[in-house]
Every structure is written in structure tokens, then in C-alpha cells.
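The values are calculated or read from the model by the stated rules, or taken from the named source; none is laboratory data. Just so it is clear, the model here is predicted, and its values are computed rather than measured. Don't worry about glycine lacking a Cβ; one is built from the backbone with ideal geometry, like all the others, and counts go over all protein chains shown.
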Amino acid sequence: MTAFAAEALEKRYGATHALRGVDLQLGEGELLGLLGPNGAGKSTLVKIACGLVRQTAGRASVCGAPAGSREARAAIGYLAELFRFPGWCTADEVLTLHQRLTASRGGESERIELLDLVGLADARRRKVEAMSKGMQQRLGIAQALVGSPRLLVLDEPTSALDPAGRRTVRQLLEEVRSRGIAVILNSHLLSEVELVCDRVVILLGGEVVAAGPPEDLTRSRGVELETSAGTRVVERAGRDEAPRLVAEAVAAGEQVYGVRVLRSTLEDVYLDAVGEAE
């Protein structure tokens with residue numbers, strides 16, 4: 001099933017063209033990284049998916065239902081970047097509130113399962129104000145999963161976390177994906193997106209300027225050889241040429257201590273795409 005689809009999607013705010021004919025499809029259990037500078041159209045796209053904004057032209061759907069419809073909203077779980085839960089509430093009370101808001105019938109068993117999923121099983125009775133930032137972030141993801149949504153939309157879920165906290169969230173996202181839940185991850189942390197996302201879409205000026213799996217978007221920057229003659233980089237060489245380069249070095253009487261295929265990062269791809277479009 002297609003979790004989210006956009007076809008020739010456009011959105012205008014007066015004279016401002018926020019989206020210009022965006023085409024996008026997100027499959028079941030797929031994790032999509034949404035990238036772009038401020039004003040690129042990311043937030044508008046997310047708001048249309050959540051039914052908070054209506055498109056000017058084109059179509060958007062969530063699990064086959066028109067975006068913004070009752071069926072589409074029921075299929076979405078959402079965690080905003082600047083979310084706030086009442087400090088006096090316990091983790092269990094926060095989930096109980098969102099069960100009421102989503103009309104979930106999961107009851108106590110759902111709350112226990114979700115807190116266990118995000119690693120907060122022992123913090124069920126702990127108040128939000130007594131939780132660390134990482135714990136609150138995981139609780140936020142748990143509330144977004146109340147009611148078993150088919151599409152999870154996360155806005156900067158790791159921006160304020162330390163490396164250990166970011167790794168915990170990455171592991172959680174991998175578990176969510178394994179359950180067949182599609183995820184749209186809106187983030188500025190390119191290294192995080194590169195590690196966890198199946199596919200990346202880069203927006204600029206309301207248009208898609210690059211899209212595809214991270215490994216397909218990056219490119220070879222050469223092969224680095226560490227030998228008895230020193231370390232050198234053979235530019236424009238790829239992985240398939242590494243054995244030949246090693247063999248040539250050995251034939252020339254050099255001892256080979258290491259060989260490494262160099263590739264551009266997602267950050268390089270992002271900067272190239274944004275720079276070219278500008």
C-alpha cells in the first residue's frame with residue numbers, strides 16, 4: 001500500500017509559491033528523509049499530509065484517502081519539533097490523553113506496549129518534568145504511535161539529543177519500520193538521515209531537486225591506497241577498480257597496507273543540489 005502520495009502538488013500563499021508540482025510516493029514500511037533549507041516547502045508538504053493545509057492544485061493522499069479527510073487523519077501519527085507535554089502528567093497519563101484524542105481502544109495494554117517499545121517501561125509512573133530530554137523525545141514518539149497509525153511524521157526528532165540519544169531514536173525508527181509503518185523524517189541532521197533512511201527527497205523553492213536512496217545519490221571520489229611508498233588517492237576510480245590498483249602497486253614492488261574507496265556524503269549531495277538549483 002502507498003502510505004503517502006503527492007501528484008503535481010502545488011501550494012500558494014498569495015504571491016508565494018511554496019510547492020511547485022511536487023511528485024512523491026512513500027511505500028508501506030519505508031523511511032523517507034525530507035531535506036531542504038528553510039523555506040524549501042518541507043513544512044508545507046507535512047502540513048498538507050496532516051490535513052492542516054489544503055493544496056492549491058494537485059492531489060495528496062494518505063493510505064489511499066484524500067489528505068485531510070477523516071480516514072487520512074486517522075492513519076497518521078505526528079510528532080512536532082517543539083512539542084510540549086504537561087510537566088505534572090506521568091508517561092501513562094500522556095498516552096491516556098492521546099488515546100482519548102484519537103479514540104483509540106487499545107487501553108492499558110497499548111500503553112504498556114508502546115512504553116516498552118520506546119524503552120520507557122520502567123518510567124510509566126514518572127512525571128514528564130522528571131524526565132530527561134531523550135526520555136521526553138521517546139515519549140513523544142510513543143504518543144505518535146497511539147492508535148496504530150500507518151504513517152508516522154516526525155519533525156526534527158533528534159535535533160536536541162546527544163549522540164547516545166540519537167542512536168536510541170535511530171534504533172527505535174528501525175523497529176517502527178519493521179512493523180510496516182511508513183515514516184516521513186523531516187531533519188537538518190544529514191548524517192542521521194543518511195544512516196537510517198531508505199530514500200531521501202531534497203526540496204528547494206518548492207521543487208524536488210534530488211531524490212533517491214542515499215547510496216545512489218552519493219558518488220565515488222576515488223580510491224585511497226596506503227603503501228610503503230606513501231598514501232595516494234586515485235581520483236575518479238571506483239570500487240571495481242580497487243583490485244587492479246592494488247595489483248599494480250604490488251607489481252611495482254610496493255607493500256600495500258590499506259585500500260579505501262572514497263565516496264561523497266549526503267551532505268555533499270545536499271550542498272551540490274541546493275547550490276545548483278540556486
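Per-structure values
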{"item": "Residue within the stretch 112-124 that is surrounded by fewer than 13 Cβ atoms within 10 Å (Cβ to Cβ) and assigned by TED's automatic domain parsing to the domain that holds T168 present", "result": "yes"}
{"item": "Filter result for the condition that a residue is among the small types (G, A, S), surrounded by 17 or more Cβ atoms within 10 Å (Cβ to Cβ) and closer than 27 Å to L52 by Cα, over G87, G140, G134", "result": "G140"}
{"item": "Selection count where residues are in contact with a helix residue (DSSP H, G or I) (Cβ under 7 Å, 6 or more places away or on another chain) and either farther than 26 Å from L19 by Cα or in a strand (DSSP E or B) (or both), scope the stretch 197-211", "result": "6"}
{"item": "Residue that is farthest from L195 (Cα to Cα), among those in the stretch 255-278 that are among the polar types (S, T, N, Q) and either surrounded by 15 or more Cβ atoms within 10 Å (Cβ to Cβ) or under 34 Å from the mean Cα position of the chain (by Cα) (or both)", "result": "S264"}
{"item": "Residue tally, condition at pLDDT below 95 and over 11 Å from E129 (Cα atoms), over the stretch 79-98", "result": "5"}
{"item": "Check on L101, surrounded by fewer than 18 Cβ atoms within 10 Å (Cβ to Cβ), in a helix (DSSP H, G or I) and modelled with pLDDT under 95", "result": "yes"}
{"item": "Conditions (1) touching a residue at least 60 places away in the same chain (Cβ under 8 Å); (2) within 19 Å of S104 (Cα to Cα): number failed by R70", "result": "(1)"}
{"item": "Selection within the stretch 11-39 - among the aliphatic types (A, V, I, L, M) and either modelled with pLDDT under 90 or loosely packed, with under 15 Cβ neighbours inside 10 Å (or both)", "result": "A15"}
{"item": "Matching residues in the stretch 212-254 - criterion: being surrounded by fewer than 17 Cβ atoms within 10 Å (Cβ to Cβ), in a strand (DSSP E or B) and under 30 Å from the mean Cα position of the chain (by Cα)", "result": "G212, S220"}
{"item": "Options L145, L172: the member that is aliphatic (A, V, I, L, M), in contact with a strand residue (DSSP E or B) (Cβ under 9 Å, 6 or more places away or on another chain) and either assigned by TED's automatic domain parsing to the domain that holds E30 or in contact (Cβ under 8 Å) with a residue 40 or more places away in the chain (or both)", "result": "L145"}
{"item": "Test for G206: is it closer than 21 Å to V274 by Cα and either modelled with pLDDT of 90 or more or assigned by TED's automatic domain parsing to the domain that holds V46 (or both)", "result": "yes"}
{"item": "Members of the stretch 1-10 found to be at pLDDT 90 or above and in contact with a Lys or Arg (Cβ under 8 Å, 6 or more places away or on another chain), listed by number", "result": "A3, A5, A6, E7, A8, L9, E10"}
